[in-house]
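The values are calculated or read from the model by the stated rules, or taken from the named source; none is laboratory data. Everything numeric in this text was worked out from a predicted model, so none of it was measured. Here the Cβ positions follow ideal geometry from the backbone for every residue, glycine too, while neighbour counts run over all protein chains shown. Protein only, heavy atoms only, side chains kept; ligands, DNA and RNA dropped before computing areas. Shrake-Rupley method; radii C 1.70, N 1.55, O 1.52, S 1.80 Å.
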2 protein chains.
Amino acid sequence: MTAADTAVETIQREMTSFARRARASAGRMHPELSLVSYTLLGHLEERGGCRATDLASHYALDKSTVSRQVGALERAGLIERRLSPEDARVQVLHLTEAGEEILAQVTRSRRAAFRERLADWPEDDLVRFAAYLERYNAGSAGQAAG
Amino acid sequence: MTAADTAVETIQREMTSFARRARASAGRMHPELSLVSYTLLGHLEERGGCRATDLASHYALDKSTVSRQVGALERAGLIERRLSPEDARVQVLHLTEAGEEILAQVTRSRRAAFRERLADWPEDDLVRFAAYLERYNAGSAGQAAG
DNA sequence: ACGTTCAAGTTGTACTATACAACCAGAATC
DNA sequence: GATTCTGGTTGTATAGTACAACTTGAACGT
């Protein structure tokens, strides 16, 4: 087995381990917003106004899943649906002010947790690690995660 | 905001994104074994023979969750419970041969997915990325993931 | 222009993973 | 010997997910 194989195995194991723990703990640490809600809200903030179908394909979720998530977020007052003038089937999703606030609050909280965990890393390691992660995830929108 | 802050934010975003996708896709890609079962089986392989409580604390899971997982794995014939001679409350968990086989098979499948995704990375980048991930996850056994 | 097919979303149903609380049984302690 | 601690199971509830069936509106093809 080459060094590259060993590295791939480590990457697999560590990413898997992280994913499992993230899943298990997200709800406990940030009960205001689940991992999915957080992701969807974040997407809406970045590109304000998109369709449910866009979210589904971008995050490899079933449209029914998105439909229910969006329903819950709307009932919670965090997003609003506007009917598209061009296509009567389409609903365009937007963050409400309350949604922006909650999102900002959870982002602060999550960021603090990450920052604490990375507190003793030298800056250039942080930058390189971030670059690797971006490269790893790049181009995988809408796809599975291995 | 410093470069370190930016990097931390990127790390947060990319790790979160990965975790969400891993969760959504693990079942579809490797239906033989969920992410949790895979993790628990892997643990048993590395340190053959441990107690349910150990698994629970190591992976920050409730004992009831582990109890059910273990029950399912036993019913599937992938592990077996041996009663501890010292303490009648304790059951020591071991992989069966079938469990070892399934674990090896899923590991191969998952590793292939990771390898494909990382196919065009130079070896030294793989090694450095792996090292960062290990460092990131190190010491966080049994804890939340941010 | 009308029927067929395609696209966006919703709803019914089912399953997995999870936690919390209540419990039981055995061990340890005082 | 009673109390408390520990390992594990069971009851119950919830979130997140998929698949299938359906509705409504848009687009397309003769």
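Of the helices (runs of 4 or more DSSP H) that lie entirely inside region A:1-63, those containing 1 or more residues that are open to solvent by less than 30 Å² (accessible area, probe 1.4 Å), more than 24 Å from B:T39 (Cβ to Cβ) and at pLDDT 90 or above span A:35-46, A:52-58.
Among the residues of region A:109-132, are any open to solvent by less than 40 Å² (accessible area, probe 1.4 Å), in contact with a strand residue (DSSP E or B) (Cβ under 6 Å, 6 or more places away or on another chain) and either assigned to a helix (DSSP H, G or I) or closer than 13 Å to B:M15 by Cα (or both)? So far as region A:109-132 goes, no, none of its residues is open to solvent by less than 40 Å² (accessible area, probe 1.4 Å), in contact with a strand residue (DSSP E or B) (Cβ under 6 Å, 6 or more places away or on another chain) and either assigned to a helix (DSSP H, G or I) or closer than 13 Å to B:M15 by Cα (or both).
Contact map, region B:73-102: residues that are over 11 Å from B:G49 (Cβ atoms) and open to solvent by 90 Å² or more (accessible area, probe 1.4 Å) paired with residues that are of a type outside the set (D, E, K, R) and within 12 Å of DNA strand C (Cβ to nearest atom), Cβ distance under 8 Å, separation 6+ or inter-chain. Pairs shown: B:L83/B:V90; B:L83/B:Q91.
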